[in-house]
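The values are calculated or read from the model by the stated rules, or taken from the named source; none is laboratory data. Quick caveat, the model's predicted, so the values are computed rather than measured. Cβ coordinates were reconstructed from backbone atoms using ideal geometry, including for glycine residues, and neighbour counts include every protein chain displayed.
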Amino acid sequence: MKRKLLAIALAVSFVFLFANGMVLAKTLKLGTIFPEDQPDSKGAVLFKKLVEEATGGGIEIKVFPNSQLGGPKEMFSQMQLGALEIGYYGINTLAWIKGGEPFEITAIPFLYKSYDAMRHVLTSDRFKPIIAKTEKDTGIKILNIIGDTPPRGLTTRDRPVWSAADFKGLKIRTAASPTVLAAMKKLGALPQQIAFSELYMALKTKVVDAQENGSITVKTKSLYEVQEYYMKTDYIRDIATFYVAQKTWDQLSDKEKKILFDASEQAGKYVTELAQRGINESLEFLSTKMKVIIPNNQSIRDTLEGVFEPLFEGKKWPVGLLKDVRELQK
C-alpha cells in the first residue's frame with residue numbers, strides 16, 4: 001500500500017512539473033572570473049536564487065566563481081564542448097574566440113560614453129544581426145548583456161600621466177586585446193603581457209611601471225601598495241554578459257528560457273547597483289592611498305583618432321559599424 005501511494009505521489013509530481021514546463025532535476029553550471037565578494041559573482045548567486053525559485057527547484061544552478069573553471073576563453077571552450085552551461089563575464093572577451101571577432105569593437109578606448117550608452121548600442125537593432133551571426137558561428141547564446149563593470153583607469157609608480165605625451169616609454173601591463181595594444185603603441189607606451197596573478201609582484205619588482213584596471217580591482221588587489229598615481233581615464237568600458245551554451249539553450253522550454261532571461265535582468269541590475277556603488281567607494285578609498293588624477297583625456301582621444309579603422313574595419317567588425325556606434329550615442 002505504501003509503495004502504491006509513493007508511486008502515485010511521484011507520478012503527480014512529474015505531471016505537475018511537466019504541466020508547468022519544467023524538467024525534473026536539471027542542473028546547470030555557471031562560471032564567473034571574479035571572487036565571491038565582487039559584483040559579478042554576487043549577481044550570479046542572485047541569478048541562481050531567482051531561477052531555482054521560479055522553477056520550484058526544477059533547474060538547479062551551481063555557481064563556480066573566481067575562475068574556478070578557467071578564464072573566459074576556457075569557459076567558452078567548455079560551453080562549446082558541452083561541459084559548461086552558463087558563463088557570466090565581460091562582452092569584451094567574446095572577441096577572444098573564433099566567431100566573436102566583431103566584439104573587438106567593445107574594447108576601443110573612449111568609444112562609449114557611459115554604461116547606459118554602451119548597453120543602448122549593444123542591444124540596438126544595429127547589433128541584432130551581428131549577435132545572431134556570432135551565436136551561429138560560436139555555438140554560444142548571448143542571453144543578456146547587462147551588468148556594469150568598473151571602467152579601466154591607469155596606475156603608475158613613478159610619474160603621473162597628465163596627457164597623451166606622458167605615455168611615451170611607459171612599460172605598462174595591458175589586456176591582450178588587439179585594440180588596446182594598437183592604442184598603447186600609438187601613444188608610445190611599451191605594452192607588456194603579464195598574467196593577472198603575477199601583476200602585483202611585477203609592479204613591486206619594477207618589471208612594469210604601470211597597469212590598467214578599474215578602481216575596484218586596484219583596491220581589492222592592493223595595487224595601491226606598489227603604485228603611486230591613479231589616473232581616472234575610464235578609457236575602456238565593459239558589460240557583464242550572461243552566455244549560455246547553445247545546446248543547453250535549445251533543450252530548454254520556452255517557459256524556462258523566459259525564466260532565465262528574467263533572472264538575468266534582475267541579476268544584471270543588481271550587479272550594476274553594486275558596481276556603481278563600489279566604484280564610488282573604491283575611488284574614495286584610493287584617494288587616501290594614492291594621488292588620484294583626472295588627466296587630459298581629450299589629448300589621448302585626439303592622438304588615437306583614426307587608428308582603428310584601417311587596422312580592423314572590415315576585418316574584425318563590419319565596415320561602417322564604428323561610425324554607427326558613434327552615431328547611436330549622439
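Here is how the numbers come out for the structure above:
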| item | result |
| --- | --- |
| For Thr217: the one exception among (1) more than 19 Å from the chain's Cα centre (by Cα); (2) crowded, with 16+ Cβ neighbours inside 10 Å; (3) under 29 Å from Leu143 (Cα atoms) | (1) |
| Pick from region 164-197, criterion in a helix (DSSP H, G or I) and either among the hydroxyl-bearing types (Ser, Thr, Tyr) or not assigned by TED's automatic domain parsing to the domain that holds Tyr229 (or both), ranking: nearest to the chain's Cα centre (by Cα) | Thr179 |
| Among (1) surrounded by fewer than 17 Cβ atoms within 10 Å (Cβ to Cβ); (2) in contact with a Lys or Arg (Cβ under 6 Å, 6 or more places away or on another chain), the one test that Arg301 misses | (2) |
| Selection from region 109-149 of residues that are closer than 24 Å to Ser77 by Cα, without any contact (Cβ under 8 Å) to a residue 12 or more places away in the chain and under 17 Å from the mean Cα position of the chain (by Cα) | Ile131 |
| Residue in region 151-170 that is aromatic (Phe, Trp, Tyr) and closer than 30 Å to Lys257 by Cα present | no |
| Answer from Lys62, Lys98, Lys113, Lys49 - the residue that is modelled with pLDDT of 95 or more, in the same structural domain as Asp250 (by TED's automatic domain parsing), part of a loop (DSSP other than H, G, I, E, B) and surrounded by fewer than 17 Cβ atoms within 10 Å (Cβ to Cβ) | Lys98 |
| Scan of region 200-210 for residues that are assigned to a loop (DSSP other than H, G, I, E, B) and either of a type in the set (Lys, Arg) or closer than 21 Å to Thr233 by Cα (or both), ordered by number | Lys206, Val208, Asp209 |
| Only listed residue being without any contact (Cβ under 8 Å) to a residue 60 or more places away in the chain and under 29 Å from Gln298 (Cα atoms), chosen from Thr93, Thr106 | Thr93 |
| Count of residues meeting criterion [out of contact with any Pro (no Cβ under 8 Å at 6 or more places or on another chain) and hydroxyl-bearing (Ser, Thr, Tyr)] in region 41-64 | 1 |
| Enumeration of residues in region 211-270 that are among the aromatic types (Phe, Trp, Tyr) and either under 25 Å from Phe196 (Cα atoms) or part of a strand (DSSP E or B) (or both) | Tyr224, Tyr229, Tyr230, Tyr235, Phe242, Tyr243 |
